[in-house]
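What follows is a single structure, written as structure tokens, with notes after it.
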Amino acid sequence: MQLNLDIPSPLQYFSSLVQSDEHFPLLEAAICLAQDEYPELDVQQVLGDVDQLLARLKRRLPADAPALQRLRALNQFFFHDLSFGGNVNDFYDPDNSYVNAVLRTRRGIPITLAVLWLELALGLGLNARGVAFPGHFMVKVNLPKGQVVIDPFSGQSLSREELAERLEPFRQRSGMVDEFEVPMGLYLQSALPRDIISRMLRNLKEIHQTQEDWPRLIAVQDRLIVLQPNAWPEYRDRGLAWAAQDEVARAVADLEVYLEHAEDALDIDAVAGRLAELRQGGIA
């Protein structure tokens, strides 16, 4: 019998990790996002580095430490001793979205810092989850006497009043005031691992779109489509990026998928017009 010893591509590896929501490996999936930028990245080595941090942290605590003591030890270790925090000097650096780079520099954006913090929190047995708070990813921990919400960018624990203050600009922009006001609890729901990875990819997508970096944008779009194959606007955006690269056949294929499924989208006419231009002027 002949064995298949082909090494999977980074996209194939990513696809194998995100097939199922059951036992979704959040940290491993987050680490491998950097393989497009760092092709030689050893994902298992990065996982091992995080395991070593967890082992160091566990040595500081007795086995029967209560949850609040574990949380305090984690925050002291992560935000003070290791000095993890937000990259206030270069917030839009793509490295802020790559776990391996954040481990090296100890600087990142809220969601990447949150992924690392959550891995350590869960390793300590804390009931911790990510929170897809509007505009700024948070983490929360359920303790016997209540819930603690933490900003992973600063390490600050936030009261409900402080959360409401941060939420107010979003509510004003969205028109969610007065009778349309949404209870705070809905903004603090746990984020699914798949949604966390999607948000990380969309952060990178925004950076690459702004810079018109089409090859990097297409790599991100490939992952988004693997992660959420029914997210039809991602096919549109990849198609437009292919068109910008003069890859007409690929652009046409993606835009056709979008138009086939996005029946009520407001941009159908504009996309159909772009598709017609590509068909007339290209090889498709």
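The values are calculated or read from the model by the stated rules, or taken from the named source; none is laboratory data. What you see is a predicted model; the values in this text were computed from it and never measured. Here Cβ is always computed from backbone atoms with ideal geometry, including for glycine, and neighbour counts include all displayed protein chains.
Counted as qualifying within the stretch 102-206 are the strands (runs of 3 or more DSSP E) with 2 or more residues that are within 13 Å of the chain's Cα centre (by Cα) and in the same structural domain as residue 75 (by TED's automatic domain parsing), namely 127-131. Identification of helices (runs of 4 or more DSSP H) wholly contained in the stretch 215-284 with 2 or more residues that are among the β-branched types (Val, Ile, Thr) and in the same structural domain as residue 201 (by TED's automatic domain parsing) yields 248-261, 268-281. Evaluated against (1) within 21 Å of residue 208 (Cβ to Cβ); (2) modelled with pLDDT of 95 or more, residue 9 falls short on exactly one condition, (2).
Residues are listed down the side, and each one gets a yes or a no for (1) among the basic types (Lys, Arg); (2) out of contact with any helix residue (DSSP H, G or I) (no Cβ under 9 Å at 6 or more places or on another chain); (3) at pLDDT 90 or above:
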| position | (1), (2), (3) |
| --- | --- |
| 144 | no, no, yes |
| 147 | no, yes, yes |
| 154 | no, no, yes |
| 162 | no, yes, yes |
| 175 | no, yes, no |
| 186 | no, yes, no |
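Scanning the stretch 103-114 for residues that are under 19 Å from residue 220 (Cα atoms) and either surrounded by fewer than 20 Cβ atoms within 10 Å (Cβ to Cβ) or hydrophobic (A, V, I, L, M, F, W, C) (or both) turns up 109, 111. With modelled with pLDDT under 95, farther than 19 Å from residue 10 by Cβ and basic (Lys, Arg) as the only criterion, which of 171, 199, 236 stands out? 171 is the lone residue from the list that is modelled with pLDDT under 95, farther than 19 Å from residue 10 by Cβ and basic (Lys, Arg).
From the list 98, 92, the lone residue that is within 21 Å of residue 37 (Cα to Cα), modelled with pLDDT of 95 or more, of a type outside the set (A, V, I, L, M) and surrounded by 12 or more Cβ atoms within 10 Å (Cβ to Cβ) is 98.
For every residue, the table says whether it meets (1) surrounded by 12 or more Cβ atoms within 10 Å (Cβ to Cβ); (2) closer than 24 Å to residue 216 by Cβ; (3) modelled with pLDDT of 95 or more.
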site	(1), (2), (3)
240	yes, yes, yes
248	yes, yes, yes
252	yes, yes, yes
264	no, no, no
279	yes, no, no
283	no, no, no
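Of 129, 216, 194, 160, all but one fail to be charged (D, E, K, R) and within 16 Å of residue 113 (Cβ to Cβ); the exception is 129. Close Cβ contacts (under 9 Å, 6 or more residues apart or on different chains) running from residues in the stretch 237-264 that are within 16 Å of residue 281 (Cβ to Cβ) to residues that are among the basic types (Lys, Arg) and crowded, with 19+ Cβ neighbours inside 10 Å comprise 250/238; 251/238; 255/236. Taken over the stretch 132-157, the criterion of being under 14 Å from residue 118 (Cβ atoms) and of a type in the set (Lys, Arg) is satisfied by 140 alone.
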